[in-house]
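Written below as structure tokens is the structure these notes are about.
The values are calculated or read from the model by the stated rules, or taken from the named source; none is laboratory data. All of these numbers come straight from a predicted model, not from anything done at the bench. Every residue, glycine as well, gets a Cβ built from its backbone with ideal geometry; the counts of neighbours run over all protein chains shown.
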Amino acid sequence: MKLSSFLFSSLAALAYASAIASENDFIPAGASITYPRSSSLYARIPGSYSKKPKKDNWGNKVESDRKKITIRASKNDNDDISQDFLWALKKANHGGLVHLKKGKKYVIGKKLDLTFLNDVYVKLDGELKFTNDIEYWQANNFYYAFQKSITFWVWGGKDIKIYGSGVINGNGQAWWDGFSGAEILDPNNKYYRPILFLTDNATNIEVKGLHLKDSPCWTTFMVRTKNVIFDDVYIDAVSTNVSSLPKNTDGFDSLNVDGLTVTNTRVNVGDDCFSPKPNTTNIFVKNLWCNGTHGVSMGSIGQYPGVKDYISNAWIENVTLLNGENGARLKAWAGPSVGYGYMDNITYKDIHIENTDKPLVLDQCYFNINETTCAAYPSKVNITNVNFINFTGSSSGKNGHVVADLACSPGATCSGIHLEEINLTSPAGDPAQIVCDNIQGDIGVDCIPSSEADD
């Protein structure tokens, strides 16, 4: 062997061993740190040659070039590994990967502040499961004033990828059994239920391939977040007790978000399938399947007195909505103490609907506001430049012949509303009816005022 080759190999081995040794100083029982034997290691050795390393979409290392952190699995549903998981994320921060192995369960029993992350991968092939210790979580959580939201943990920082074939399990049954149907928006409700996945003050978040299961409340909530992507995700909330069904288990919610993408995803929950809330813009949804939901909604917005809300620039394409209350829905608050704002530049395209009460609806009397109150204190949310293109399928017939109900608030402006290729039927018979009230201009199809609807 040439001396240069020998020196190169020796230096590489020493560098590798040194790196491993330095990381292994404080390792929890059952954990490990492994470095890749890749060109990125050898590139640190003077005079060595390596190919240009591959980069991910954010310009960071790909999986094969990252150090890998593993931790022990839980022995049972009460074996809390929260501190091990936190340790792993700290070790993987700035270019590493945490791997949670297939066939293993990792139980989280303590609240976790994960807002320090920068360039980290979490490969979840096993199951992350939260304890159902309601007493602990009611007293120990992260609270958000918007609709009295709490969560087990908060993810934040930059360039965070969470992916794999595994499950994040909210263990929601105990919560659904315990809250007895109380709405989160009920002013008397003090039974707060945690959100399963929440980001705050985050940039570049990707969630791919995971099953988000049985959230006690909303499944996801993105707050003050920029560029978040969900792809190939399955969300469900299914009760084993018919007397305590899941409630408020939305698939996707957001607040102050720029760039929200959901693709190739299935949602089976008892509330909104997709529901961006105030100040969400640049929304892209494609290939979404929703069963038993309250629809693919914009909003609600305009809830809080004196506060301006908006939703803008949304493209929703190729969505299937089955067995739900609503299909495509725009929702805004009305009443004596609400806010104001607007929705603008929104397109729903290629939407298939079956057995759904309200396939297409503009609801500006949102959340249990009766007609008298809504008329006296109408919504102040303007709706402009909204397209509904190529809707097919059938309503449930619950609202008679009406398949589209577009009732604009007299306190707001609704203009640029366009319907095209609306091929929706009703089991109540022909002709299907499209209702429009207080909308400025031609909407592109024949419509009738609500006073003439046969419902």
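In segment 106-123, is there at least one residue being of a type in the set (V, I, T), more than 20 Å from N169 (Cβ to Cβ) and part of a strand (DSSP E or B)? Let's see the steps before the verdict.
If we filter segment 106-123 for residues that are of a type in the set (V, I, T), which is where we start, we get 107-108, 115, 120, 122.
Pick out the ones that are also more than 20 Å from N169 (Cβ to Cβ) and you get 115, 120.
Filter again for part of a strand (DSSP E or B), leaving 115, 120.
Within segment 106-123, one or more residues are of a type in the set (V, I, T), more than 20 Å from N169 (Cβ to Cβ) and part of a strand (DSSP E or B).
Every test in (1) without any contact (Cβ under 8 Å) to a residue 40 or more places away in the chain; (2) under 28 Å from P336 (Cα atoms); (3) among the polar types (S, T, N, Q) is passed by N423 save one, and that test is (2).
I'd like the residue in segment 353-375 that is touching a residue at least 12 places away in the same chain (Cβ under 8 Å) and either touching a His at 6+ places or on another chain (Cβ under 8 Å) or of a type in the set (V, I, T) (or both) and, out of all such residues, is surrounded by the most Cβ atoms within 10 Å (Cβ to Cβ).
Initially, segment 353-375 is screened for residues touching a residue at least 12 places away in the same chain (Cβ under 8 Å), giving 353-367, 369, 373-375.
Narrowing the set further to residues that are either touching a His at 6+ places or on another chain (Cβ under 8 Å) or of a type in the set (V, I, T) (or both) leaves 353, 356, 361, 369, 373.
Working: I353: 26, T356: 28, V361: 24, I369: 21, T373: 14.
Per the stated criteria, the residue is T356.
Against the criterion of being of a type in the set (V, I, T), surrounded by fewer than 18 Cβ atoms within 10 Å (Cβ to Cβ) and out of contact with any helix residue (DSSP H, G or I) (no Cβ under 9 Å at 6 or more places or on another chain), T115 qualifies. Applying a threshold of 6 Å to beta carbon distances and a minimum spacing of six or more residues, or different chains, the list of pairs starting in segment 170-197 at a residue that is on the phi > 0 side of the Ramachandran plot and ending at one that is outside any strand (DSSP E or B) and surrounded by 15 or more Cβ atoms within 10 Å (Cβ to Cβ) reads N171/N132. R266 meets all of the listed conditions (1) surrounded by 24 or more Cβ atoms within 10 Å (Cβ to Cβ); (2) touching a Cys at 6+ places or on another chain (Cβ under 9 Å) but one, namely (1). Among all residues of segment 374-385, there is none that is of a type in the set (D, E, K, R) and out of contact with any Gly (no Cβ under 7 Å at 6 or more places or on another chain).
The number of residues in segment 80-125 being in contact with a strand residue (DSSP E or B) (Cβ under 9 Å, 6 or more places away or on another chain) and either under 25 Å from N57 (Cα atoms) or of a type in the set (K, R) (or both) comes to 30.
Please find, among I434, I443, the residue that is among the hydrophobic types (A, V, I, L, M, F, W, C), outside any strand (DSSP E or B) and touching a Cys at 6+ places or on another chain (Cβ under 9 Å). Give the steps one after another, and end with the answer.
Working: I434 fails: outside any strand (DSSP E or B).
Testing whether each residue is among the hydrophobic types (A, V, I, L, M, F, W, C), outside any strand (DSSP E or B) and touching a Cys at 6+ places or on another chain (Cβ under 9 Å) leaves just I443.
The residue that is farthest from F391 (Cα to Cα), counting only those in segment 418-455 that are of a type in the set (A, V, I, L, M), crowded, with 18+ Cβ neighbours inside 10 Å and touching an Asp or Glu at 6+ places or on another chain (Cβ under 9 Å), is A428.
Scanning segment 128-141 for residues that are free of Cβ contacts under 8 Å to residues at least 60 places away in the same chain and closer than 22 Å to L100 by Cβ yields a total of 6.
Where residues in segment 322-345 are closer than 17 Å to M298 by Cβ and either among the small types (G, A, S) or touching a residue at least 60 places away in the same chain (Cβ under 8 Å) (or both), which of them is surrounded by the most Cβ atoms within 10 Å (Cβ to Cβ)? Lay out the reasoning, then the answer.
Taking segment 322-345 as the starting set, the residues that turn out to be closer than 17 Å to M298 by Cβ are 324-334, 338-345.
From the residues that got through so far, the ones that are either among the small types (G, A, S) or touching a residue at least 60 places away in the same chain (Cβ under 8 Å) (or both) too are 324, 327-328, 332, 334, 339, 341.
Numbers: G324: 26, G327: 34, A328: 25, A332: 32, A334: 24, G339: 19, G341: 23.
Only one residue tops the list, namely G327.
Each residue in segment 184-210 was checked for being surrounded by fewer than 24 Cβ atoms within 10 Å (Cβ to Cβ) and within 24 Å of N368 (Cβ to Cβ), and 9 pass. Once segment 40-55 is narrowed to residues that are surrounded by fewer than 16 Cβ atoms within 10 Å (Cβ to Cβ) and closer than 17 Å to L97 by Cβ, the residue that is modelled with the highest pLDDT is K55. With respect to N140, is the statement that it is touching a Lys or Arg at 6+ places or on another chain (Cβ under 7 Å), surrounded by 19 or more Cβ atoms within 10 Å (Cβ to Cβ) and not aromatic (F, W, Y) true? Against the criterion (touching a Lys or Arg at 6+ places or on another chain (Cβ under 7 Å), surrounded by 19 or more Cβ atoms within 10 Å (Cβ to Cβ) and not aromatic (F, W, Y)), N140 does not qualify. Exactly one residue out of G103, G59 is more than 29 Å from Y136 (Cα to Cα) and modelled with pLDDT of 95 or more: that is G59. If I filter segment 394-405 for residues that are surrounded by fewer than 16 Cβ atoms within 10 Å (Cβ to Cβ), out of contact with any Pro (no Cβ under 6 Å at 6 or more places or on another chain), at pLDDT 95 or above and over 20 Å from Y310 (Cα atoms), do I get at least one hit? Checking segment 394-405: at least one residue is surrounded by fewer than 16 Cβ atoms within 10 Å (Cβ to Cβ), out of contact with any Pro (no Cβ under 6 Å at 6 or more places or on another chain), at pLDDT 95 or above and over 20 Å from Y310 (Cα atoms).
Please verify whether S297 is of a type in the set (G, A, S), without any contact (Cβ under 8 Å) to a residue 60 or more places away in the chain and touching an Asp or Glu at 6+ places or on another chain (Cβ under 8 Å), treating the condition exactly as stated. Yes; evaluated as a whole, the condition is true for this residue. Criterion applied to P410, P378 was being under 27 Å from G335 (Cα atoms), of a type outside the set (D, E) and either in contact with a Lys or Arg (Cβ under 6 Å, 6 or more places away or on another chain) or free of Cβ contacts under 8 Å to residues at least 40 places away in the same chain (or both), and the one residue passing it is P410.
Considered as a group, the residues in segment 51-73 that are under 27 Å from the mean Cα position of the chain (by Cα) and either of a type in the set (S, T, Y) or assigned to a helix (DSSP H, G or I) (or both) include one that is farthest from F130 (Cα to Cα), and that residue is E63. Out of the residues in segment 222-256 that are without any contact (Cβ under 8 Å) to a residue 60 or more places away in the chain and small (G, A, S), which is farthest from T199 (Cα to Cα)? The extreme case among them is S243.
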